[in-house]
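The structure appears below as structure tokens.
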Amino acid sequence: MPVPQQRDAVHRRLLRDDAYTMLRMAIVDGTLGPGEPLNDGELCSWLGLSRTPVRDALGRLAEEGLVEIAPQRYTRVSDVTARDAQDAFPLLASVHALATELGTPGLGRDGLGRLREANDAFITALGDRRAEAAYDADDRFHAVFVEAAGNRDIERTLLHLLPRVRRLEILNVGPLPGRRSVAQHEAVIGRAAAGDARGAASAVRENWLELGALVARSLARSG
């Protein structure tokens, strides 16, 4: 059977994905701040792409809650509010708790070692007041369980949720997680090492809920 001649379709899809990735990164890291107007022409010039992949990417970002589109009126970066944190973090807590319960039996020595390594990096970043490094280390910590669980639906759900959550974390001008978060990580490691999957999942859920409450309080004060 001849190879189908669909190079143009593949190329368009790749351009759309490139536009989506670049715009999402700029929104998540605050380069494009909350409420920022998104003009097609300016975005096309910045990204070096035509209007079609840019509009496709904006539509995808609107579905994920990072962009607001009112036809014939405006396209802009979504605002962030305490309600956003109150909505996103409980869902994230439940998904990560499930990943932890499913992944704990398959961790092994390597997985436990990676948990300890990520937690050490988390502690160091908190001590140095490096917020982005702390959140990166926290992501690596929880990703160990996600990988061990090997559940594609969990992975897809997190792929949808994590950009919104990371944006909330980065735009949080309040205090970073403190000793209690470190203690929760250590409880997770201890319970996972003992094979207590439900106990580890419970500690993970508590960890994410407390971070969500911290971020929500910060956003409420700043709003």
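Taking the stated definitions as given, is R221 closer than 17 Å to A85 by Cβ, modelled with pLDDT under 95, out of contact with any Pro (no Cβ under 8 Å at 6 or more places or on another chain) and of a type in the set (D, E, K, R)? Considered against the rule, which asks whether it is closer than 17 Å to A85 by Cβ, modelled with pLDDT under 95, out of contact with any Pro (no Cβ under 8 Å at 6 or more places or on another chain) and of a type in the set (D, E, K, R), R221 comes out as yes. So, of the residues in region 95-131 that are under 18 Å from E169 (Cβ atoms) and among the polar types (S, T, N, Q), which turns out to be surrounded by the most Cβ atoms within 10 Å (Cβ to Cβ)? Only one residue tops the list, namely N119.
Considering region 144-191, the residues that are free of Cβ contacts under 8 Å to residues at least 12 places away in the same chain and within 14 Å of the chain's Cα centre (by Cα) include one that is nearest to D84 (Cα to Cα), namely L159.
Contact map, region 53-75: residues that are free of Cβ contacts under 8 Å to residues at least 12 places away in the same chain paired with residues that are in a helix (DSSP H, G or I), Cβ distance under 8 Å, separation 6+ or inter-chain. Pairs shown: E68/A62; I69/L58; I69/G59; I69/A62.
Within region 48-89, being within 20 Å of R166 (Cβ to Cβ), out of contact with any Leu (no Cβ under 7 Å at 6 or more places or on another chain) and of a type in the set (K, R) holds for R60, R83. When the helices (runs of 4 or more DSSP H) confined to region 36-113 are screened for residues that are β-branched (V, I, T), those reaching at least 1 such residues are found at 51-63, 82-103. Against the definition (surrounded by fewer than 20 Cβ atoms within 10 Å (Cβ to Cβ), modelled with pLDDT of 95 or more and of a type outside the set (K, R)), how does E206 come out, yes or no? The answer is yes for E206. Does region 102-123 contain any residue that is modelled with pLDDT of 90 or more, under 23 Å from A220 (Cα atoms) and among the basic types (K, R)? No, there is no match, as no residue in region 102-123 is modelled with pLDDT of 90 or more, under 23 Å from A220 (Cα atoms) and among the basic types (K, R). Quick check on region 84-140: of everything there that is among the β-branched types (V, I, T) and farther than 21 Å from L214 by Cα, which residue is farthest from the chain's Cα centre (by Cα)? Among those that are among the β-branched types (V, I, T) and farther than 21 Å from L214 by Cα, it is T104.
The values are calculated or read from the model by the stated rules, or taken from the named source; none is laboratory data. As the structure is a computational prediction, the values presented were derived from the model and not from experiment. Glycine gets a Cβ as well: all are built from the backbone with ideal geometry, and neighbour counts include every protein chain shown.
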